[in-house]
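The values are calculated or read from the model by the stated rules, or taken from the named source; none is laboratory data. Every value quoted in this text rests on a predicted model; they were computed, and no experiment measured them. Cβ: placed from backbone, ideal geometry, glycine included. Neighbour counts: every protein chain shown. Ligands, DNA and RNA are excluded from the accessible area calculation, which covers all protein heavy atoms including side chains. Shrake-Rupley method; radii C 1.70, N 1.55, O 1.52, S 1.80 Å.
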Amino acid sequence: MSLFTRNRRPFRDREGEAMVEQLLIAWTRACEGAELVRTVDTVTGPTVIPPKLVDITLGPPTVLIAELQPGMIPADVVALGPRIAPHMNAYGIRVEPIGHRHVRVTLIADDPLDTLVELRAGRGVLLGADEAGAAIRTEPADLPHAIVQGTTRSGKSVWTYSLLAQLVARDDVLIAGCDPTGLLFRPFAATRHNEWQSSGLADVDAHEKALRRVVEAMDDRIRELPDDRDTLDVTPARPLLVVVLEEYPGLLRVLDAGKSRGDDPGARVRALVSRLLAEGHKAGIRVVILAQRAEASVVGALERAQCSLRISFRVDSRTSCELLHPGTDPAIADAHTTALPGVALMSRPGHNLTRFRAPFLGGYREYVHAIRDAS
Ligand SMILES: Nc1ncnc2c1ncn2[C@@H]1O[C@H](COP(=O)(O)OP(=O)(O)O)[C@@H](O)[C@H]1O
Ligand SMILES: [Mg+2]
């Protein structure tokens, strides 16, 4: 016997009955369309049977309990969620197993990432908020090397503004790196970070020099490692060096254009970055690469593999998504090609692929003030 309730109370009204009727029809059609069905042969030919709805609680949120057909597992429903949800008039569905044969399917009405995420103080640094509204935070020392990709105006720089605004408040962090745009590091001009940074394209060689300086610091630190230690503790005296490579492909393009017989500045910069990625972690150095697309000409497979924090803001195609997040559901990857600015996918060790929204600290003006006030 099916039991239909509204907000956990039994209902008898007509409107409720009509809604339940619509949900039953929509569920059957959506499952058929998504091929979440078992096919059986009958005298009149093959028939498809979707998972049976055994309970409906009208919401919001509307919650369905479905009995899986033989051979189905909850993961099948999760995998087909992006295909089923739109036909249930929902933005998405959340699927939780109940025992082995049932799933609880919650219809999510709106994209939970539609609203702005403010930059709030708290433990460590805030990287973003996930679809359940939970803050994604990390201690700076726990940050791995990171690669962030996304088309123009997808939210890479704004995410970086938030990250740097939080990091500069710490006396055990130094912001180093290369900023060919000149915008990211401009507010750092009169700060202790400035000597580790290169800005703009007026002096192209400055970028190689800045990176060489970090590599030298890395070599010194590794040499000073005590015999019984394989990683350095980060302290104000020996701060975490966060090496930000803003618009890294743009920098490489300029360097490669300056290549001549016997001189290859692009190759030298790639080699320096490659060393920082391979050896920097144990010496308190983290690299954050920003690119429109994390393609092989920018970061080789070996370098990409060293970046265990991977973030994709809106990308131009499913294949771009696959570059950083192999095995992503094609429906999720396709949907991500139209993501709002600030909405991104994140892969990191020990976590499933997370869709999140980056914190927004305001416009460029607020960023400049945040850096100047903290320094
Ligand atoms: N997290 C966010 N929340 C709200 N709006 C954002 C967010 N990130 C970006 N935007 C909007 O998108 C615009 C472009 O973002 P930006 O970071 O400059 O893109 P990119 O560096 O990828 O080219 C910003 O000016 C802002 O209006
Ligand atoms: Mg940018």
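Between the alpha-carbon centers of region 105-141 and region 309-375, tell me the distance in whole angstrom.
12 Å
I'd like the carbon and sulfur percentage of the solvent accessible area for the chain, probe radius 1.4 Å, heavy atoms only, ligands and nucleic acids excluded. Could you put the intermediate results ahead of the total?
Working: 9650 of 18710 Å².
Answer for the chain is 52 percent, counting heavy atoms of protein chains only.
Please say if region 113-374 is rounded, prolate or oblate, where rounded means a/c under 1.5 for a ≥ b ≥ c the square roots of the C-alpha gyration tensor eigenvalues, and otherwise the choice is prolate for a/b larger than b/c and oblate otherwise?
Values: a/c = 1.39, a/b = 1.20, b/c = 1.16.
It is rounded, given that a/c, with a ≥ b ≥ c, falls under 1.5.
Tell me the trypsin sites (Lys or Arg not before Pro) within region 290-334 that lie in a loop according to DSSP and have at most 15 other beta-carbon atoms within 10 Å. Working shown, then result.
Values: sites: Arg293, Arg304, Arg310, Arg314, Arg318; in loops: Arg293, Arg314.
For trypsin sites (Lys or Arg not before Pro) across region 290-334 that sit outside H, G, I, E and B with at most 15 neighbouring Cβ atoms in 10 Å, the list is empty.
Can you work out ³J(HN,Hα) from phi for every residue in region 128-135, in order, using Karplus 6.51 cos²θ - 1.76 cosθ + 1.60 and θ = phi - 60°, giving whole Hz and x for Gly and Pro?
For region 128-135, the Karplus curve yields x, 10, 7, 5, 8, x, 6, 6 Hz.
Which GluC sites (Glu not before Pro) in region 18-83 pass both tests, a DSSP loop state and at most 13 other beta-carbon atoms within 10 Å?
Numbers: sites: Glu21, Glu32, Glu35, Glu67; in loops: Glu35.
Those that pass, being in a loop and sparsely packed, are Glu35.
Using a cut-off of 15 Å between beta-carbons, work out the net charge of the residues near Arg304 (Lys and Arg +1, Asp and Glu -1, Arg304 not included). Could the numbers behind the result be given before it?
Values: positive: Arg270, Arg293, Arg310, Arg348; negative: Glu295, Glu303, Glu322.
Around Arg304, the charge tally is +1.
Could you state the accessible area per residue of the chain in Å², with a 1.4 Å probe and every protein chain left in place? Please report the intermediate quantities before stating the final value.
On the way: 18710 Å² over 375 residues.
I get 50 Å² per residue for this part.
Along region 329-341, what does the Karplus equation 6.51 cos²θ - 1.76 cosθ + 1.60 (θ = phi - 60°) give for ³J(HN,Hα), rounded to whole Hz, x for Gly and Pro?
Per-residue couplings from phi come out as 3, x, 5, 5, 4, 5, 4, 6, 6, 10, 4, 5, x Hz.
Across region 276-284, in residue order, what do the Karplus-derived ³J(HN,Hα) couplings come to in whole Hz, using 6.51 cos²θ - 1.76 cosθ + 1.60 with θ = phi - 60° and x for Gly and Pro?
4, 5, 6, 10, x, 4, 5, 9, x
How big is the gap, in Å, between the Cα center of region 193-253 and the Cα center of region 25-42?
If you average the Cα positions of each part, the centres end up 57 Å apart.
Mind listing the long-range amide H neighbours of Val287? Cut-off is under 5 Å, sequence gap 5 or more, other chains count too, H placed in the peptide plane at 1.01 Å from N.
Residues meeting the criterion, in which the H sits 1.01 Å from N, are His145, Ala146, Val243.
Can you give me the long-range amide H partners of Thr181? Hydrogens built in the peptide plane at 1.01 Å from N, cutoff under 5 Å, separation of 5 or more residues or another chain.
Gly200
Springs between alpha-carbon atoms under 10 Å, Gaussian network over the chain: tell me which of Ala146, Ala296, Ala283 tops the mean-square fluctuations.
Of the options given, Ala296 has the highest mean-square fluctuation.
Quick check on the chain: helices-only [θ] at 222 nm, where DSSP H runs of length 4 and up contribute -39,500 (n - 2.57) each and the sum goes over total residues. Nearest 500, please. Before the final figure, lay out each step's value.
Numbers: 10 runs with 119 residues, N = 375.
Value at 222 nm, helices only, nearest 500: -10000 deg cm²/dmol.
Loop only per DSSP, at most 12 neighbouring Cβ atoms within 10 Å: give me the trypsin sites (Lys or Arg not before Pro) in region 165-241, ordered by residue number. Intermediate values should be presented prior to the final figure.
On the way: sites: Arg170, Arg192, Lys209, Arg212, Arg213, Arg221, Arg223, Arg229; in loops: Arg170, Arg192, Arg229.
Counting only loop positions with at most 12 other Cβ atoms within 10 Å, the trypsin sites (Lys or Arg not before Pro) in region 165-241 are Arg229.
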